[in-house]
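*Asks:* Okay, here's the structure, questions in a sec.
The values are calculated or read from the model by the stated rules, or taken from the named source; none is laboratory data. Bear in mind that the values here come from a model prediction, so they are computed numbers and not experimental data. Reconstructed Cβ throughout: ideal geometry from the backbone, glycine too, with neighbour counts over all protein chains shown.
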Amino acid sequence: MPDDPTGPFADLAIVNCTALLGVTADRTTFAPGTTLEITGGRLTRIDPNPAQAPRAREVIDAQGMVAMPGLINTHCHAAMTFLRGAAEDVAVARWFNDYIWPMEVNVGERDVYLGTLVAIAEMIECGVTTFADHYFFMDQAAQAVADTGIRANLGSAFFSSQGPVGLAESVAFAERWQGKVDGRITTSIAPHAPYTVTDDDLRGAADAARRLGVKVHLHASEDLAQAKASVSSRGLTPIQVLHETGVLDAGTIIAHGNGIFDSDIPLLAATRDRVGVTHGPKGYFKFALGPLTPIASLRAAGVPVGYCTDGAASNNTLDILESMRITALSQKQVRDDATWFKSAMALEMAGPESAAVLGMRGQIGELTVGAKADVILVDVDGFHCQPLHDLAAALVYSIQPTDVRTTIVDGRVLMRDRQLLTINREALLDEFRQRAREITDRTHGRSIQDYTN
Ligand SMILES: [Zn+2]
């Protein structure tokens, strides 16, 4: 309740929720009976002990629900929803060379719009309010973000095999869309990886990122075999390549870092205020990659690590709740320690740590006054959650994506009680399924790139 009962109305109020108001590596703070007020796209009031009903144009009663910060997918290729399930049970080199890169020859601009819309629909449904995307025809992805109301960091991916135009287009895209659609779009420069992009182009990407005040978003040290191949072919780890080309210094989103060596950690620690690593374990397990991203060492060095799904072609879903759960389970397993990676740490990685990977700590990933109003309401009344002896554990180990009832981005309700408000499900799926059949045709015998590390 505003102190002045005749004061201005909030745009939106959420009442009776149990709000996740704070999280650290070993502690969560939940406040039952909380009222959240949102005005102008930001959280303007958080009251755990409201004396009276709020003054707001719209009020959502969230009895039985947890209000938590919207989830963040720190690395994906949204439009790859078209290839979901199209390349299963193969190793990573065959996955690229025999399936994905030949199929991507068929992907056109309209496809990227459609595929990204499907990805956004799925992400809104499972509580993702911000995603970092790395793909081609990115004006189409930006249009999908504009049309649906979600928040995104977008990067136009390139290979040096495209010639100078690849980097130039990536830079032009970042310049064109940075801060657009009410600030919901931020951008990155997006070289594919150190093994498909030359050092000169990496230097150019770093220079442009510095000039524009954005990050470089790329794949690096994805797995141990690839990192070892870099050492044997040029005497440098991929992280050392990023250091020498100025990419780390400019600020970097690194996917996926499974091949980060202990000797790389000091380089990453030196740039930890602007470098983060994104972790999507489901795909690593599917590709039988090991070891996993050294989360413990990175965290100990102060380097933020966030969750991702990568593309649906490898991960099958864009469900960050699933990435969080698999991470929590696998981290306990690899450390042989059931007391490590508590539910609080899992939620900290989902919130402020994932925000930090994108350079957005304090703006998203937390419910604090002044932060962007990206909020999800999660129903914890289901049998699979009850009784609630440990609410943090319920969020990490029990809830299903369908328990996300309402998704709010920038103060706007994009899904209300499981109904998508900005996407026409039937029309979208009709066109998407038709194009999916055509995109997976490989009879042309061509490919967009060759995977040789
Ligand atoms: Zn990726």
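*Asks:* Specify which of the listed residues (Ala350, Ala373) is at pLDDT 95 or above and farther than 19 Å from Val15 by Cβ.
*Replies:* Values: Ala373 fails: farther than 19 Å from Val15 by Cβ.
Being at pLDDT 95 or above and farther than 19 Å from Val15 by Cβ holds for just one of Ala350, Ala373, which is Ala350.
*Asks:* Hey, any hits in the stretch 303-313 for a residue that's free of Cβ contacts under 8 Å to residues at least 40 places away in the same chain and surrounded by 24 or more Cβ atoms within 10 Å (Cβ to Cβ)?
*Replies:* Taking the stretch 303-313 as the starting set, the residues that turn out to be free of Cβ contacts under 8 Å to residues at least 40 places away in the same chain are 303.
Then keep just the ones that are surrounded by 24 or more Cβ atoms within 10 Å (Cβ to Cβ); that gives 303.
Yes, that holds for at least one residue.
*Asks:* List pairs: first in the stretch 43-63 and more than 20 Å from Arg416 (Cβ to Cβ), second assigned to a loop (DSSP other than H, G, I, E, B) and modelled with pLDDT of 95 or more, Cβ under 7 Å, 6+ apart or cross-chain?
*Replies:* These pairs meet every condition: Thr44/Val369; Arg45/Val369; Ile46/Leu367; Ile46/Val369.
*Asks:* While we're looking at this one, here's another question. I'm checking my understanding of the structure. Among residues of the stretch 258-302 that are more than 28 Å from Ile120 (Cα to Cα) and in contact with a Gly (Cβ under 7 Å, 6 or more places away or on another chain), which one is farthest from the ligand (Cβ to nearest atom)?
*Replies:* This residue is Ala269.
*Asks:* When the stretch 306-333 is examined, which residues are found to be part of a loop (DSSP other than H, G, I, E, B) and within 11 Å of the ligand (Cβ to nearest atom)?
*Replies:* Listed by number, the residues that qualify are Cys308, Thr309, Asp310, Gly311.
*Asks:* Considering only the stretch 217-242, state which residues are within 13 Å of the ligand (Cβ to nearest atom), under 16 Å from Ala190 (Cβ atoms) and not charged (D, E, K, R).
*Replies:* Within the stretch 217-242, His217, Leu218, His219, Ala220 qualify.
*Asks:* Restricting to the stretch 419-437, name every residue that is under 26 Å from Gly85 (Cβ atoms) and loosely packed, with under 13 Cβ neighbours inside 10 Å.
*Replies:* Answer for the stretch 419-437, where residues must be under 26 Å from Gly85 (Cβ atoms) and loosely packed, with under 13 Cβ neighbours inside 10 Å: Asn424, Arg425, Glu426, Ala427, Asp430, Arg433, Gln434, Arg437.
*Asks:* Hey, can you tell me all the residues within the stretch 330-340 that are without any contact (Cβ under 8 Å) to a residue 40 or more places away in the chain and surrounded by 15 or more Cβ atoms within 10 Å (Cβ to Cβ)?
*Replies:* Correct list: Gln331, Lys332.
*Asks:* Could you tell me whether Thr245 is away from the ligand (no atom under 16 Å from the Cβ), in contact (Cβ under 8 Å) with a residue 40 or more places away in the chain and in contact with an Asp or Glu (Cβ under 7 Å, 6 or more places away or on another chain)?
*Replies:* Yes, satisfied.
*Asks:* While we're on this one: Which count do you get for residues in the stretch 377-394 that are assigned to a strand (DSSP E or B) and within 14 Å of Thr29 (Cα to Cα)?
*Replies:* 0
*Asks:* Check whether at least one residue in the stretch 2-15 is within 24 Å of the chain's Cα centre (by Cα) and more than 16 Å from the ligand (Cβ to nearest atom), and report yes or no.
*Replies:* no
*Asks:* Quick check on my filter: what residues within the stretch 129-143 are in contact (Cβ under 8 Å) with a residue 40 or more places away in the chain and either under 14 Å from Thr422 (Cβ atoms) or of a type in the set (D, E, K, R) (or both)?
*Replies:* Thr129, Asp133
*Asks:* Any residue at all in the stretch 47-57 that's closer than 17 Å to Phe30 by Cα and either within 16 Å of the ligand (Cβ to nearest atom) or in a strand (DSSP E or B) (or both)? Give the steps one after another, and end with the answer.
*Replies:* To start, the set of residues in the stretch 47-57 that are closer than 17 Å to Phe30 by Cα comprises 47-50.
Narrowing further to those that are either within 16 Å of the ligand (Cβ to nearest atom) or in a strand (DSSP E or B) (or both): 47.
Scanning the stretch 47-57, I find at least one residue that is closer than 17 Å to Phe30 by Cα and either within 16 Å of the ligand (Cβ to nearest atom) or in a strand (DSSP E or B) (or both), so the answer is yes.
*Asks:* Consider Ala193 against the criteria (1) surrounded by fewer than 24 Cβ atoms within 10 Å (Cβ to Cβ); (2) touching a His at 6+ places or on another chain (Cβ under 8 Å); (3) among the aliphatic types (A, V, I, L, M); (4) not in a loop (DSSP other than H, G, I, E, B): it satisfies all of them except one. Which criterion is unmet?
*Replies:* Evaluating Ala193 over (1) surrounded by fewer than 24 Cβ atoms within 10 Å (Cβ to Cβ); (2) touching a His at 6+ places or on another chain (Cβ under 8 Å); (3) among the aliphatic types (A, V, I, L, M); (4) not in a loop (DSSP other than H, G, I, E, B) leaves (4) as the failure.
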